[in-house]
Each structure stands twice: as C-alpha cells, then as structure tokens.
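Visitor: I'd like to ask you about the structure that follows.
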Amino acid sequence: MQIPTNHTDLSKTLRDRRQKLAKLINFPAILWSGSPSSRNFPANTFPFRPSSHFLYFAGLSITDAAIRLEGGKLELFMDNPSPSDLLWHGGIPTRDRLAEIIGADAVFPIKELKDYAANVATIYVQNPTTKITQSQILNRDIFPSKKPQEIDLELTKAIISLRLSHDDMALTEIKQAAAVTVKAHKVGMAATKNARFEANIRAAMEAIIISHNMTCAYNSIVTVHGEVLHNGEYYYPLQTGDLLLADVGAETTLGWASDVTRTWPVSGKFSPTQRDIYDVVLAAHDNCIAQVKPGVEYLDIHLLAAQTIAEGLVNLGILKGQPEHLVEMDAHALFFPHGVGHLLGLDVHDMEDLGDLAGYEIGRERSSRFGLSFLRLNRPLASGMLVTIEPGFYQVPAILNNIETHQKYQNIINWEKLKYFSDVRGIRIEDDVLVTTKGAEVLTKELPSNTDAIENLL
C-alpha cells in the first residue's frame, strides 16, 4: 500500500467529507471495503480495489476493513497484519498507523464491529464474501445497491449528493490521472508505425500508466474493430486502411480515474471517407463541450450530439430527411447507439453500482427509446461535476443487418451510399470535462482531437 506524502491534507479532506455527510443523515453508517477475490487458489488473488463508497471516506485501499461514520466521526475496524502477511508482503502499516493517516477518531479489531452495528445504514458491496458478512453483522437482509431500502436508501442518496461534485483533493488526483492518460495516448499513436498487432499498441499505452505507478481505470479497449463498443480482444493485426480506436484511462493510487478515447489511422493518414465521418463525430464532440455549463441538462447535451451526427450524415448522403425528425425516430442511433457520456470520479462510470439512483435526477426514469435507453446520465449539470463527452459513429452488424432495422429505416438510410464508408468500422472521441462556475474545463485538452493534429503525431 502506498501512503501519500501529503497525508495531512488527505486526513483533512476525509474529515470534511464525513462532516458533510453528518449534515445529511442523523443515523450511523458502516461501509465495508471488501475482500480480495481468489483466482484458482487462495494465495493467488485478483488485484484488490475497495468499494468506492468506502474509499471516498477512508481514502486508502485497505482490505477486509470497515468504517463506522456517525456525527462527523470515523471509526476504523480492521485487524493488524499477521506474521504470514508480513512474511510474504513486507512492511504493512498497522491499523493504528492507518487510523492516524486517515484521521480516524478511533480504531478497533474487526471482531468488535458487531458491537457497534445497531441501527446502522450501509451500501451493498459487490463481493459475495463481504455481502454475507454485511448481513451477518447487521442481522438483516442487504438489498442490492441499485435498490436500497429505508435508511440504506437515505444513506445512498446522501452519498450521491456528495460524490456528484468533486473537492480539491479529488480534482488534483483526477487531473494527475488525466495527464498520464494523455501521455499514454500520445505514445500509443507514436507506436503505431512499427506495431503489428493491437496488443503492441495496448502494451505501449499501458506501460506509460504503469510507469507512473498508476493502474488502468478499466479494461483497455484498443482495437481495429471499433464497432464492438467494449472490445476486449487485442490479437487482430494492424493493416493499412484500418482505423484504430483506443479507449484507455489511468487510475491514481488513491482510486481516481480518467477516461479518454481517440481514433486514428494505422497508415498515418485518414482516407477521405474516414476523414468525413471523423469530422462529423468531432463536430458533435466540440458542439457538446461548448454547451457544458451549470444548469444545462445533460440530456440536452446528448440530444445535441444526436442532432449534429444526424445533420452530418444527411450532408454525407447516408441518411435522408430532416435531422430533427431523424433524431425523433432514433435514426441517428443506428450509428450512435450509446449515450454521449457519463459521470467520472472514483469509478470510471462513477457510482454506476447504484444504478440510475446516481445518474438520474429524482423522479426521472430511463427511456425505453432506442436512441435514449443507454443514456447513463440525466441530470442538470452543476459546478464541480465531472463528465465525459464521447460521441461516436459505428457500423454495428447486429444493428445494421437486423431485418427489422432494414424494414423500419429502408427509406431513411441510403444503403448504397453507406457502402462507400466501409472503411469506417468505429470512431469515438472522448474527453474528460469538468463543469466550472463559468462553463467547462477540458482536463484532457492536451491530447489533440482534430485529424491534422493526430496525423502529425503518427
């Protein structure tokens, strides 16, 4: 475990967070960190990442721990490292030392947690072992985090209200993650000329992240098959004429994430058709960022992206009709099926374990429309919020080859014209955008997004 050098600032920030929580709830809460998950045998574990809700108030990646929050105070429950832990893993801080670093008001062995568990709220931890522990300690059912009940729901809403905007320490961490992510993407672009496979680019990019003592915030997407939205394969060869889509982001040691996507030509030059589609996506990207400011509805940002893409595809002869009407009938979603972005913070899709409780304003429900059903955020923007803006264009076979799609949109899509753009499988452009009091700050602006600048990096 890496201990931050500025742990005095860390403990102050954590104290401020729990005092803010105390103003929102009048009952105690216990948050669990979770336990490492084994891969094949007990000593071989997957990399551990604590629950983000625990991490928000505890600050450090502590395994098999819990914190009790009440009245602005924090009590840490965990065991000291065993002799075996020290043998295999070296100098692990004691619980007293960790309590000091995070500014805990008291510290106890984990076995004593049950003595402090009466009438407390919690949030479900997505770890089977921890979930069982939660139920046993609290002596009640723990409902999934997307459907909390009673005081668990009150706690969830309170934490959402805090995590929707970021304090100075969080922003410092996120900006560090963003800067490393920008470096990784530039290195990935530069490595393309001599690379043979997608895996070579992935390795070059993730090496930069690792060299800065960070981890990947999510499974990297580095692929010439950008039409597969969450492609996790890296074995395809790079060929002249391909576009490579790289969705790669860094996460700091304290757990704060960045999320960036760029798309570039393997050959070093966009073809005319690739440039045409790319410029449509870039126009949507730029138009959306220009509208980011407090009070603006994120749904309207998404609809602006949809409108811009529809207009661009009409101008290219791919879609037929009035852009406004095309968006109303979800024709744009044939090529842009996902939402324009999401919250970003401790999670790359921040607080998405809470479902639409976090992403959607109270009283709003997710639409069943094809063009809106994948929208992850439907709230008015506020200063301190961090969102991604990531419009795209994809030729997804499961959509375009669907018989119902052909029937419904047979007079809307110029299928013959679309064939001219067969060298565009997928394009996405994504940046991390902080909502400020005056508008927007693009945290990843140092990474070029226009075609000429990208070609200069290849």
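Visitor: Return the residues of segment 179-197 that are closer than 19 Å to ASP259 by Cβ and either surrounded by fewer than 22 Cβ atoms within 10 Å (Cβ to Cβ) or touching a Ser or Thr at 6+ places or on another chain (Cβ under 8 Å) (or both); say none if nothing qualifies. Explain how you work it out, then say what you get.
Guide: Taking segment 179-197 as the starting set, the residues that turn out to be closer than 19 Å to ASP259 by Cβ are 179-189.
ALA179, VAL180, THR181, VAL182, LYS183, LYS186, VAL187, listed by residue number.
Visitor: Within segment 308-359, can you find the residues that are assigned to a loop (DSSP other than H, G, I, E, B), touching a residue at least 40 places away in the same chain (Cβ under 8 Å) and not hydrophobic (A, V, I, L, M, F, W, C)?
Guide: Filtering segment 308-359 for residues assigned to a loop (DSSP other than H, G, I, E, B) gives 316-318, 320-322, 329-331, 335-342, 344-351, 355.
Going one step further and asking which of them are touching a residue at least 40 places away in the same chain (Cβ under 8 Å), we end up with 316-318, 320-321, 329-331, 335-338, 340-342, 344-348, 350-351, 355.
Once the filter is applied, which keeps residues that are assigned to a loop (DSSP other than H, G, I, E, B), touching a residue at least 40 places away in the same chain (Cβ under 8 Å) and not hydrophobic (A, V, I, L, M, F, W, C), segment 308-359 yields GLY317, LYS320, GLY321, ASP330, PRO337, HIS338, GLY341, HIS342, GLY345, ASP347, ASP350, GLY355.
Visitor: Mind checking which strands (runs of 3 or more DSSP E) fall wholly inside segment 1-110 and carry at least 1 residues that are among the basic types (Lys, Arg), in contact (Cβ under 8 Å) with a residue 24 or more places away in the chain and crowded, with 18+ Cβ neighbours inside 10 Å?
Guide: Correct list: 66-70.
Visitor: Condition check: assigned by TED's automatic domain parsing to the domain that holds LYS12 and at pLDDT 95 or above. Does ALA66 satisfy that? If you could, list the steps in order and put the result at the bottom.
Guide: Values: assigned by TED's automatic domain parsing to the domain that holds LYS12: yes; at pLDDT 95 or above: yes.
Taking the combined requirement at face value, the residue satisfies it.
Visitor: Still on this structure, I have one more. What is the residue count in segment 268-326 for residues that are farther than 25 Å from TRP415 by Cα and of a type in the set (Asp, Glu)?
Guide: Qualifying residue count for the region: 3.
Visitor: In addition: Here's a check for you: in segment 124-142, which residue that is in contact (Cβ under 8 Å) with a residue 40 or more places away in the chain and assigned to a helix (DSSP H, G or I) is farthest from LYS111 (Cα to Cα)?
Guide: Restricting to residues being in contact (Cβ under 8 Å) with a residue 40 or more places away in the chain and assigned to a helix (DSSP H, G or I), the top hit is THR129.
Visitor: Suppose we keep only residues that are assigned to a helix (DSSP H, G or I) and charged (D, E, K, R) within segment 404-458. Which one would you say is farthest from the chain's Cα centre (by Cα)?
Guide: In this case the residue turns out to be GLU416.
This table checks each residue for (1) assigned by TED's automatic domain parsing to the domain that holds LYS269; (2) of a type in the set (A, V, I, L, M); (3) more than 28 Å from GLN274 (Cα to Cα).
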position: THR192; (1), (2), (3): yes, no, no
position: ASN200; (1), (2), (3): yes, no, no
position: MET214; (1), (2), (3): yes, yes, yes
position: TYR218; (1), (2), (3): yes, no, no
position: GLY226; (1), (2), (3): yes, no, no
position: THR253; (1), (2), (3): yes, no, yes
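Visitor: Turning to a different aspect of this structure: Given the condition in contact with an Asp or Glu (Cβ under 6 Å, 6 or more places away or on another chain) and closer than 19 Å to ILE221 by Cα, answer yes or no: does some residue in segment 433-442 qualify? Please lay out each step first, then the result.
Guide: Within segment 433-442, the first condition is being in contact with an Asp or Glu (Cβ under 6 Å, 6 or more places away or on another chain), and the residues that meet it are 434, 442.
Narrowing further to those that are closer than 19 Å to ILE221 by Cα: none.
No, the conditions are met nowhere in segment 433-442.
Visitor: Still on this model: Specify which of the listed residues (SER165, SER220, SER145) is surrounded by fewer than 17 Cβ atoms within 10 Å (Cβ to Cβ) and either in contact (Cβ under 8 Å) with a residue 60 or more places away in the chain or in contact with a strand residue (DSSP E or B) (Cβ under 7 Å, 6 or more places away or on another chain) (or both). Break it down into steps so the answer makes sense when it comes.
Guide: Numbers: SER220 fails: surrounded by fewer than 17 Cβ atoms within 10 Å (Cβ to Cβ); SER145 fails: surrounded by fewer than 17 Cβ atoms within 10 Å (Cβ to Cβ).
Unique residue meeting the criteria: SER165.
Visitor: What about ARG262, is it of a type in the set (Lys, Arg) and surrounded by 23 or more Cβ atoms within 10 Å (Cβ to Cβ)?
Guide: Values: of a type in the set (Lys, Arg): yes; surrounded by 23 or more Cβ atoms within 10 Å (Cβ to Cβ): yes.
Taking the combined requirement at face value, the residue satisfies it.
Visitor: Any residue that is farther than 17 Å from HIS302 by Cα, touching a helix residue (DSSP H, G or I) at 6+ places or on another chain (Cβ under 7 Å), hydrophobic (A, V, I, L, M, F, W, C) and in contact (Cβ under 8 Å) with a residue 24 or more places away in the chain - is there at least one of those in segment 365-384? Don't jump to the end; show me each part of the working.
Guide: Taking segment 365-384 and keeping what is farther than 17 Å from HIS302 by Cα, we get 383-384.
Imposing the further condition that a residue be touching a helix residue (DSSP H, G or I) at 6+ places or on another chain (Cβ under 7 Å) reduces the set to none.
No, segment 365-384 has no match at all.
Visitor: Name the one entry in SER422, SER373, SER383 that is touching a strand residue (DSSP E or B) at 6+ places or on another chain (Cβ under 8 Å) and farther than 20 Å from LYS186 by Cα. Show your work before the answer.
Guide: Values: SER422 fails: touching a strand residue (DSSP E or B) at 6+ places or on another chain (Cβ under 8 Å); SER373 fails: touching a strand residue (DSSP E or B) at 6+ places or on another chain (Cβ under 8 Å).
Every option except SER383 fails the conditions.
Visitor: Across segment 353-403, which residue is nearest to ARG262 (Cα to Cα) among those that are of a type in the set (Gly, Ala, Ser) and within 17 Å of the chain's Cα centre (by Cα)?
Guide: Step one: filter segment 353-403 for residues of a type in the set (Gly, Ala, Ser), giving 355, 358-359, 363, 367-368, 371, 373, 382-384, 392, 398.
Next, only the ones that are within 17 Å of the chain's Cα centre (by Cα) stay: 355, 358-359, 384, 392.
Working: GLY355: 27, ALA358: 27, GLY359: 25, GLY384: 25, GLY392: 10 Å.
So, considering only residues that are of a type in the set (Gly, Ala, Ser) and within 17 Å of the chain's Cα centre (by Cα), the one nearest to ARG262 (Cα to Cα) is GLY392.
Visitor: Note down all Cβ pairs under 7 Å where the first residue falls in segment 396-416 and is within 21 Å of ARG428 (Cα to Cα), the second is among the polar types (S, T, N, Q), and they're at least six residues apart or on different chains.
Guide: Listed by first residue and then by second, the contacts come to ILE399/THR405.
Visitor: Mind listing whichever residues of segment 148-162 are over 18 Å from the mean Cα position of the chain (by Cα), crowded, with 18+ Cβ neighbours inside 10 Å and assigned to a helix (DSSP H, G or I)?
Guide: Correct list: ASP152, LEU155, THR156, ALA158.
Visitor: Filtering segment 226-254 down to residues that are under 23 Å from SER211 (Cα atoms) and β-branched (Val, Ile, Thr), which residue is surrounded by the fewest Cβ atoms within 10 Å (Cβ to Cβ)?
Guide: THR253
The values are calculated or read from the model by the stated rules, or taken from the named source; none is laboratory data. Bear in mind the structure is a predicted one, so any value in this text is a computation, not a measurement. Using ideal geometry, Cβ is built from the backbone for each residue, glycine included, and neighbour counts are taken over all protein chains shown.
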